[in-house]
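In what follows, a single structure is set out as structure tokens and then discussed.
The values are calculated or read from the model by the stated rules, or taken from the named source; none is laboratory data. It should be emphasised that the depicted structure is a prediction, and the values quoted were computed from it without experimental measurement. FYI the Cβ positions are ideal-geometry reconstructions off the backbone, even for glycines, and counts take in every protein chain you see. What goes into the accessible areas is simple: the full protein's heavy atoms, side chains included, and nothing from ligands, DNA or RNA. Shrake-Rupley method; radii C 1.70, N 1.55, O 1.52, S 1.80 Å.
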Amino acid sequence: MAKKLIPLLFTVLCLLPLGLSIGYSFLYSIGGVGLLSEGLTLQHWGDLFRGEFLHSMLYSLWIALASAGGALGLALTALFTLRHHFQSNSFYRLLFLPLTIPPIVVAFVILQMYSGSGILSRLAVQSGLIDGSQQFPALVQDPYGIGILLAHLFIVFPFFLLVLLNLYQNNRLDEIERVASSLGADSTTIRFKLQLPILMRGLFPLLILYIIFFMGAYEIPLLLGQSSPQMISVLILEKLQRFNLGDIPVAYSMAVWYAAICIITISYLLMMHRSKEAI
Amino acid sequence: MYKFYIIYLIALTLIISGCSSSPKIDGAVEPVDMIWQEIEEAASGETVTMMMWMGDPLINRYMSDYVVQKVKEQYGITLEIVNGQGTQIVSTLMSELESGRSASQIDMMWINGETFYQLRQIDGLYGPFTQKLPNMEFVDLDNPFIGVDFQQPVDGYEAPWGNVQFTLIYDPDDVENPPQDFSEFQQWVNQNPGKFTIPTDFSGVTLLKSWMISMADDPGLFYGEFNEEIYSEYSGKLWENINSMKPDFWRGGETFPNSVAQLHQLFANGELAFTMSNNDSEVDNKVMQGIFQDDSRGYVPESGTIQNSHFLGIARLSDNKAGAMTTINFMISPDAQFQKMQPEVWGDGTVLSIDKLPDSWKQRFQDMPGRIRAPDRESITDRALMEPAPEYMIRLFEDFRTFVVNQ
């Protein structure tokens, strides 16, 4: 019974409300519902491809890939170079610390540190490195999203490192290294041909989920992002809440398309991953 | 297994549809059909939820320490304040109407012209009710800055609560002679790169509106209904000029602050030489709170700025209309308006006509302590521009993003 009950509960409590809200957004986006709707139309979908939505999607994708890629790169480097230090228990526990800090607080700290009137800028002015705060490089609310990336790295790098350390231990990569090196493999081959593929296979689903999570980030880009282009969640919410009530169906269209693109991408990637594992 | 799913789904659909379609059976008399004494009696014991912008600690304190206490003492009304403004109010009421709810979670709200316009569009407001409020007799409805909201007749669907004029605030260390019109502003920005910017929110759009109107020889062109030709002509000129200033804006115009709060912060940090406010007395408040430097000054350029009023409205689906009406009547009383107008309380301009007040009140209003850093109210009234129709604001808001921010 429990076997049947759990999937049923999951469907009723999670999937059904999700399906209903996506369905409602879909109807809203084509004028099927809505207080100001004037009948069915595809015009709001057409409005999506005038630029703002595409820019935001690409920008969000960039932020997501750069955040996940950066965190992965840092975590792998730390794993391979500093692994022995992490074996001490206290250091290992320290890695959990950033996970306990709410994202909005991280964003706020980054703003305090790196904004034009932030701590670093003031130090630079006082030490005579720059003449005024205007000369301080734009690190938050900047075109490349550096502030957002820094916040994401701070939150996720330690978590990736924790997962990698566990994967390393559970897959006995130390022993693999010893065996391979006794068989004459050099350290580059061991790292890239043996250990990395094993680690990546374990980390892959998590990596994909984090990319999706970063794409939908809201509070960090709200505080640290620039006014244009905006991350997709910020844009959708702003469209929903702007002065123009005619923008509401456009916001719903964005939400539907964004959800569809995410669902299709995740399903495809996870299917690929599973079929690879099967081989 | 699938049978389970299907039965569950049907049950759930029934539950959901059951929840949403329970029409209200209401035989009770509407408050607008009662006499005032009955309204006050009906109000006693009601819990009224008011949605308002809670971004200013002084305003919050005025509400919680004064209004909430007084309506409890005098009328037995429990007033609960929740945070939310403009579009949040609209979207809350809109989803309630869309889902067919019978009672709103909001009873009354603090609104401005563009929200009034949107709420009228979705028929979310209750009224006309203001004719029932005894204190309306003191309200200066003949003043077009109070009796008309964004060129729309108020029609009794909202009660004026306060009246303010847009002001620029500057740091005299950075700005020796504050620019008096748009072209002087262009020159100043050109000579002082990086020290000026425009937020992309309501305040920024109010500045853009003031500049756009001042570019026409006759501000009257923008009064009355929205006119596409006039908008296109003057907004086109406005974007052209602003884009030529843009490289000299803060951060080279690559990004813009998304709220006036952020602008205030940049001004307080010394990154910017100007900030702005929809409330002409805000500079005094902010200095008093220690946020702005002591020597900050507020002013209205000769070319003029928008003066407008803010209002109180009642949700059409409110279950506590008598309580909301009684609360609003208290909030426009001479007592509450006098309290609110004092610079150290809030400094919000009154909507009452001093001439219509009883003599004792007249004297008290006239003896109110003057402003220190904010411009004198009487001197800026000559420089007041009326709010144009809400479509101007909606279009400027969109087009500022399209033609300036996103470029």
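Could you say whether any residue in the range A:179-192 is more than 28 Å from the chain's Cα centre (by Cα), on the phi > 0 side of the Ramachandran plot and not charged (D, E, K, R)?
Scanning the range A:179-192 turns up at least one residue that is more than 28 Å from the chain's Cα centre (by Cα), on the phi > 0 side of the Ramachandran plot and not charged (D, E, K, R).
Would a scan of the range A:70-77 turn up a residue that is within 28 Å of the chain's Cα centre (by Cα), open to solvent by 80 Å² or more (accessible area, probe 1.4 Å) and within 12 Å of chain B (Cβ to nearest Cβ)?
no
Looking only at the range B:93-111, count every residue that is open to solvent by less than 30 Å² (accessible area, probe 1.4 Å) and either within 10 Å of chain A (Cβ to nearest Cβ) or under 20 Å from A:PHE243 (Cβ atoms) (or both) and tell me the total. Steps first, please.
If we filter the range B:93-111 for residues that are open to solvent by less than 30 Å² (accessible area, probe 1.4 Å), which is where we start, we get B:93-94, B:96, B:103-104, B:106-109, B:111.
Filter again for either within 10 Å of chain A (Cβ to nearest Cβ) or under 20 Å from A:PHE243 (Cβ atoms) (or both), leaving B:93-94, B:96, B:106, B:109, B:111.
Of the residues in that region, 6 qualify.
State all residues of the range B:177-225 that are within 14 Å of chain A (Cβ to nearest Cβ), in a helix (DSSP H, G or I) and not hydroxyl-bearing (Ser, Thr, Tyr); if no residue qualifies, say none. Steps first, answer last, please.
We begin by selecting, within the range B:177-225, every residue within 14 Å of chain A (Cβ to nearest Cβ); these are B:189, B:192-206, B:208-209.
This time we only want the ones that are in a helix (DSSP H, G or I), so: B:189, B:202-206, B:208-209.
Selection gives B:VAL189, B:PHE202, B:GLY204, B:VAL205, B:LEU208, B:LYS209.
On the given criteria, is B:LEU396 touching a residue at least 12 places away in the same chain (Cβ under 8 Å), in a helix (DSSP H, G or I) and crowded, with 21+ Cβ neighbours inside 10 Å? If you could, list the steps in order and put the result at the bottom.
Numbers: touching a residue at least 12 places away in the same chain (Cβ under 8 Å): yes; in a helix (DSSP H, G or I): yes; crowded, with 21+ Cβ neighbours inside 10 Å: yes.
For B:LEU396, the condition - touching a residue at least 12 places away in the same chain (Cβ under 8 Å), in a helix (DSSP H, G or I) and crowded, with 21+ Cβ neighbours inside 10 Å - is met.
Among the residues that make up the range B:179-197, is at least one of them open to solvent by less than 10 Å² (accessible area, probe 1.4 Å), farther than 20 Å from B:LEU396 by Cβ and at pLDDT 95 or above?
Yes, the range B:179-197 has at least one match.
Filter the range B:322-344 down to the residues that are modelled with pLDDT of 90 or more and closer than 25 Å to B:GLY298 by Cβ and list them by number.
Passing the criteria: B:ALA336, B:GLN337, B:PHE338, B:GLN339, B:LYS340, B:MET341.
Within 11 Å of chain B (Cβ to nearest Cβ) and either under 28 Å from the mean Cα position of the chain (by Cα) or within 22 Å of A:ILE63 (Cβ to Cβ) (or both): does that describe A:LEU120?
Judged against the criteria, A:LEU120 is not a match.
Give the residues of the range A:102-128 that are open to solvent by 50 Å² or more (accessible area, probe 1.4 Å) and not in a helix (DSSP H, G or I), sorted by residue number.
A:PRO102, A:SER127, A:GLY128
Residue pairs, Cβ under 9 Å, 6 or more apart or interchain, first in the range B:49-72 and closer than 18 Å to B:GLY84 by Cα and without any contact (Cβ under 8 Å) to a residue 60 or more places away in the chain, second assigned to a strand (DSSP E or B) and hydroxyl-bearing (Ser, Thr, Tyr). List them.
Correct list of pairs: B:VAL68/B:THR78.
Applying the selection to the range A:129-156, what residues are among the acidic types (Asp, Glu) and surrounded by fewer than 18 Cβ atoms within 10 Å (Cβ to Cβ)?
A:ASP131
Hey, could you check the range A:1-39 for residues that are among the aliphatic types (A, V, I, L, M), under 19 Å from A:ALA260 (Cβ atoms) and assigned to a loop (DSSP other than H, G, I, E, B) and say which is nearest to the other protein chains (Cβ to nearest Cβ)?
A:VAL33
Tally the residues that are more than 19 Å from the chain's Cα centre (by Cα) and open to solvent by 10 Å² or more (accessible area, probe 1.4 Å), restricting the search to the range B:299-321.
The total comes to 8.
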